[in-house]
Amino acid sequence: MNSKSLIDRRTYLKGVGASLALPLLDSMGWAEATKSRKAYQPPVRLGFMYMPHGVIMDRFWPTSAESYRSATPPALQSLRPVLDQCLMMKGISGVPISPFKGAPHALELSTWLTAMLPDPETRSRINIGISADQIAANYIGALTPLPSLELATMPQTHKENQAGLNEAYYSHCSFRSPTQAVPAEINPRTVMNRLFGRSASKGRSTQANPLDRQMLDLVISGAKDLRRTLPQVDQHKLDEYLDSVRAVERRIAAIEHRQKEAALEKAGVSARKRDQADSPPIEIKIPDGDKRSEYMQVMCDLNVLAFQTDTTRVSTYIGSTPNGVSYPELGFTDKHHSTTHHNQDEEKVRKVAAITEFNIAQFAYMVKKMHSLREGNGTLLDNCIMMWGSGLEDGNKHERKNLPFIVAGRGGGSIETGRFLPNTKGNQGDLLTTLLACAGVPLDRPIGIATKELKEIKA
């Protein structure tokens with residue numbers, strides 16, 4: 001390949017009112033060097049996915065380093081195809097919350113990426129450290145169209161006010177500054193529009209309609225001319241990417257249709273009047289009885305697209321917040337929080353374990369998809385650091401001595417995966433500090449309560 005055949009890394013497919021970034025193709029110079037240009041290395045991306053209330057420990061942790069693969073615990077079964085791409089560490093402690101004894105749930109999410117407590121003297125106002133994702137975004141965010149991407153499954157609101165703490169501590173994990181929480185987007189259509197460079201008037205997202213799909217078709221049809229100029233391996237990569245974009249849009253449209261039908265039925269609007277202009281507004285949420293997995297997987301798909309196109313290199317996804325969430329698709333409607341207070345009741349323990357397996361399965365869905373996408377000399381996952389975890393060890397006792405974490409991806413070769421480290425000595429600040437260092441993010445101070453890097457994680 002000569003230098004004239006290289007295409008610009010920021011090439012976009014364009015249509016009327018929309019544009020679509022391309023994935024990182026070999027033709028952009030990622031795969032090989034030329035006489036006039038060095039080969040680029042794919043960038044490292046950082047992603048964080050959260051689940052509240054901890055886990056059932058004996059169903060989550062392997063019994064030994066050797067059993068990590070040979071006798072994989074039930075909670076990790078969905079990750080078996082990519083266990084060699086994952087790293088688990090037992091022994092990471094959370095932030096002690098002694099000044100806030102009455103606020104275990106208000107602090108499990110807000111301390112997760114900050115690794116520090118709010119200021120107890122100003123607890124009614126936001127006053128906490130900058131979160132790890134935003135530290136990374138401050139360093140590498142200028143290199144991408146979106147500095148970071150914040151996603152959530154449900155609205156970031158909660159009426160409870162534990163220990164006089166600001167409500168944002170209960171429902172946010174990203175903090176741009178000590179006094180500013182970063183809101184997460186729950187509407188997949190809005191995320192899709194951001195990836196397409198589209199926005200509606202007055203900051204509001206557009207709803208699903210034929211125009212959106214027509215615009216997508218127009219943009220994708222413009223790929224035909226580009227495709228003819230690409231080598232075969234890039235043609236395959238482009239086709240795979242465009243098929244994924246179409247599939248995501250169809251899944252979003254299906255979710256929106258169900259949301260609309262649920263909202264109209266709740267409002268008592270008859271079927272023959274549901275397409276009229278005066279139909280009630282649609283509240284974007286997971287309808288009662290809807291499949292949480294489908295909604296979460298769409299958000300995971302969008303996260304993958306954002307990383308694949310280098311639209312952002314930093315993301316967070318709050319799979320659930322600590323308020324009352326149920327999982328009807330698992331065959332029961334018990335609220336997650338109340339079920340975690342199981343007092344060793346066998347049936348409740350079974351349900352908590354099922355919820356944990358469900359949430360890890362959504363993480364596994366995203367990770368396996370990243371592993372299937374070729375990038376440079378490896379895969380997209382090879383160039384990612386994806387962390388799944390919770391801000392509590394045990395929801396029954398509210399303990400934080402041994403937080404559950406899973407790290408997937410090699411971070412461009414900086415992390416040695418395929419291992420379970422049963423005796424890690426460190427805290428969540430140490431872990432975050434280490435992951436940012438592996439991503440090439442320089443730090444001028446520790447993250448939260450960090451005192452060191454966890455050298456055993458690194459390759």
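Take Asn166 and decide whether it is closer than 21 Å to His337 by Cα and either touching a Lys or Arg at 6+ places or on another chain (Cβ under 8 Å) or assigned by TED's automatic domain parsing to the domain that holds Tyr50 (or both). Spelling it out, Asn166 is indeed closer than 21 Å to His337 by Cα and either touching a Lys or Arg at 6+ places or on another chain (Cβ under 8 Å) or assigned by TED's automatic domain parsing to the domain that holds Tyr50 (or both). Pairs linking a residue in segment 115-129 that is on the phi > 0 side of the Ramachandran plot and surrounded by 21 or more Cβ atoms within 10 Å (Cβ to Cβ) to a residue that is assigned to a helix (DSSP H, G or I) and modelled with pLDDT of 90 or more, with Cβ atoms under 6 Å and 6 or more positions apart or on different chains, are Ala115/Gln428; Ala115/Gly429; Ala115/Leu432.
Of the residues making up segment 367-395, those that are in contact (Cβ under 8 Å) with a residue 12 or more places away in the chain, touching a helix residue (DSSP H, G or I) at 6+ places or on another chain (Cβ under 6 Å) and among the polar types (S, T, N, Q) number 1.
Can you list residue pairs whose Cβ atoms sit under 9 Å apart, with the first residue in segment 72-92 being assigned by TED's automatic domain parsing to the domain that holds Arg400 and over 15 Å from Ser372 (Cα atoms) and the second being part of a helix (DSSP H, G or I) and of a type in the set (Lys, Arg)? Count only pairs 6 or more apart in sequence or on different chains. Here the result reads Thr72/Arg80; Pro73/Arg59; Pro74/Arg59; Ala75/Arg59; Ser78/Lys368, each pair linking segment 72-92 to a residue that is part of a helix (DSSP H, G or I) and of a type in the set (Lys, Arg).
Scan segment 130-144 for residues that are closer than 15 Å to Val182 by Cβ and surrounded by 18 or more Cβ atoms within 10 Å (Cβ to Cβ) and jot them down.
Ile130, Ser131, Ala132, Asp133, Gln134, Ile135, Ala136, Ala137
When the residues of segment 313-329 are filtered to those that are out of contact with any Lys or Arg (no Cβ under 8 Å at 6 or more places or on another chain) and β-branched (Val, Ile, Thr), the one that is surrounded by the most Cβ atoms within 10 Å (Cβ to Cβ) is Thr316.
If you go through segment 288-305 and keep only what is surrounded by 23 or more Cβ atoms within 10 Å (Cβ to Cβ) and either assigned by TED's automatic domain parsing to the domain that holds Ala253 or not in a helix (DSSP H, G or I) (or both), you end up with nothing.
Counting only residues that are without any contact (Cβ under 8 Å) to a residue 40 or more places away in the chain and more than 14 Å from Phe196 (Cβ to Cβ), segment 236-253 holds 4 of them.
Taking first residues from segment 130-155 that are closer than 17 Å to Met387 by Cα and assigned by TED's automatic domain parsing to the domain that holds Ala437 and partners that are buried (at least 24 other Cβ atoms within 10 Å of the Cβ) and basic (Lys, Arg), the Cβ contacts under 9 Å between residues at least 6 apart in sequence or on separate chains come to Ala136/Arg313; Ala137/Arg313; Ser148/Arg313.
Here Leu443, Leu431, Leu436 are screened, and the one residue that is in contact with a strand residue (DSSP E or B) (Cβ under 6 Å, 6 or more places away or on another chain) and under 24 Å from Pro96 (Cα atoms) is Leu431. Where helices (runs of 4 or more DSSP H) sit wholly within segment 152-248, those with at least 2 residues that are under 18 Å from Leu13 (Cβ atoms) and at pLDDT below 80 occupy 210-221. Note on segment 88-119: residues that are assigned to a loop (DSSP other than H, G, I, E, B), modelled with pLDDT under 90 and in contact with a helix residue (DSSP H, G or I) (Cβ under 6 Å, 6 or more places away or on another chain) total 3. Evaluate segment 120-133: report whether one residue or more is at pLDDT 95 or above, closer than 15 Å to Leu432 by Cβ and not in a loop (DSSP other than H, G, I, E, B). Checked against the condition, which is being at pLDDT 95 or above, closer than 15 Å to Leu432 by Cβ and not in a loop (DSSP other than H, G, I, E, B), segment 120-133 yields at least one hit.
The values are calculated or read from the model by the stated rules, or taken from the named source; none is laboratory data. These numbers come from a predicted model, not from an experiment. In this analysis, Cβ positions are derived from the backbone assuming ideal geometry, glycine residues included, and neighbour counts consider all displayed protein chains.
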